[in-house]
Amino acid sequence: MTVDANAAAADAETGDSLRLALAQIHVEAGEIDANVDRALEAVSRAADRGADVVALPELFTVGYFAFDLYARTAEPFGGETFTRLREAAANHGIAVLAGSIVEDLSATDSVDTPADEGLANTAALFDADGDLQLVYRKHHLFGYESAESELLVPGDRLETATIGDFTVGVTTCYDLRFPELYRRLVDDGVELVLVPSAWPYPRIEHWETLSRARAIENQAYVATINGAGEFDDATLLGRSSVYDPWGVSLASSGDEPALVTTDIDPGTVGRVRAEFPALRDRRL
């Protein structure tokens, strides 16, 4: 399934528009090879559709709810999965947000880590040359009916990157519930936030409301990239979406695998912030 909303951004006036693709792939618990193959195929399809950047879901390798497999499938930052996606970015000439994997912090020696050992929920953004632009480890670890907070080390760095004419930041899934994190990104000049996720049923209203709210209150583009698929105790609800700085949904999907694409305009953020200067009126 492909959802295309390029017409929604056809009136871009300032700067070069960015074609964004959200790869809502099917994620099977523990099926690393099959999941990575789907991710690589999605990168190829996004490049064929002229996308400038493609984003993958949270823990698309092992599956978020496969907690008992985290330790056994963890990789160092420079491991096989990120290497293959970095090479795919360079080969296809497209920036890739490698949604996230379970990182073995003790085996990572190529980038700084928040701890000398343990596991982390780690995303990486590679540019169209395959060069690393940022690393993000999930800050807020889910504890409600989840083992994530017991198994993982939270991230402690919030980096930004430049893709095209956009300053880009990354957060992950549960982070959507913590608006102060997004304020920090706005203070760092971010205009587009990519949010790889593994959001399950039945919390559809939370998923849509929080994502839209983060876009509205920060007057920025927010793109949420969810997975598709069923686990023993949960089903991912899909509904990957791109919200503009007014909170308008430019493109979205259902709960089946999809490649969501839309063009976004870097000038829109500045125009919205100038027309309705809520950020200027902040007191905290």
Just to confirm the number: angle between the C-alpha axis of helix 32-48 and the first principal axis of the chain, 0 to 90 degrees, nearest 10?
20 degrees
Could you identify which residue out of 27, 43, 248 has the top mean-square fluctuation in a GNM of the chain using Cα springs shorter than 10 Å?
248
Among residues other than residue 239 whose Cβ falls under 9 Å from its Cβ, what is the net charge (Lys/Arg +1, Asp/Glu -1)?
-2
Placing +1 at every Lys and Arg Cβ and -1 at every Asp and Glu Cβ, with all other atoms neutral, what dipole size does the chain have around its Cα centre, in debye to the nearest 20?
860 debye
Suppose every K and R has +1 on its Cβ and every D and E has -1 on its Cβ; what is the size of the dipole of the stretch 122-251 about the Cα centre, in Debye to the nearest 20?
260 debye
Among 210, 44, 27, whose Cα sits farthest toward the positive end of the charge dipole of the chain (+1 at Cβ of Lys/Arg, -1 at Cβ of Asp/Glu, about the Cα centre)?
210
Could you sort 31-38, 195-202 so that the peptide with the highest average Cβ count within 10 Å comes first and the rest follow in order?
195-202, 31-38
Given an 8 Å cut-off on Cα distances and at least 6 residues of separation, report the relative contact order of the chain as a percent.
24 percent
Using 1/(1 + (r/R0)^6) with R0 = 30 angstrom and r between the beta carbons of residue 131 and residue 37, what's the FRET efficiency to the nearest 0.05?
0.80
Does the stretch 94-206 come out rounded, prolate or oblate by the C-alpha gyration tensor, with a ≥ b ≥ c the root eigenvalues, rounded set by a/c under 1.5 and, if not, prolate when a/b is larger than b/c and oblate if not?
oblate
So if I place +1 on the C-beta of Lys and Arg and -1 on the C-beta of Asp and Glu, and nothing else carries charge, what would the dipole magnitude of the stretch 34-182 be about its Cα centre? I want it in debye, nearest 20.
400 debye
Want the number for residue 188 to residue 68: 0.36 nm per residue separation, take away the alpha-carbon distance, what's left?
39.5 nm
With Cα coordinates, the longest principal axis of the chain makes an angle with the long axis of helix 204-218, in degrees rounded to 10, of 50 degrees
Here, the chain modelled as identical Cα point scatterers in vacuum has Debye log10 I(q)/I(0) at q = 0.10, 0.13, 0.16 Å⁻¹ of -0.45, -0.79, -1.24
Working from Cα positions, state the angle (0 to 90°, nearest 10) between the long axis of helix 266-275 and the longest principal axis of the chain.
60 degrees
What ranking do 123-129, 250-256 get when scored by the average of other Cβ atoms within 10 Å per residue, highest first?
123-129, 250-256
For the chain, what is the percent of antiparallel DSSP beta bridges, rounded to the nearest 5?
60 percent
The farthest towards the positive end of the charge dipole of the chain, of the residues 61, 163, 98, given +1 on Cβ of Lys and Arg and -1 on Cβ of Asp and Glu, is 163
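Every read-out reported here was derived from the displayed coordinates using simple, explicitly stated rules and does not represent laboratory data. The structure presented is a predicted model; accordingly, all values stated were derived computationally and were not measured. Virtual Cβ from ideal backbone geometry, glycine too; neighbours counted across all protein chains shown.
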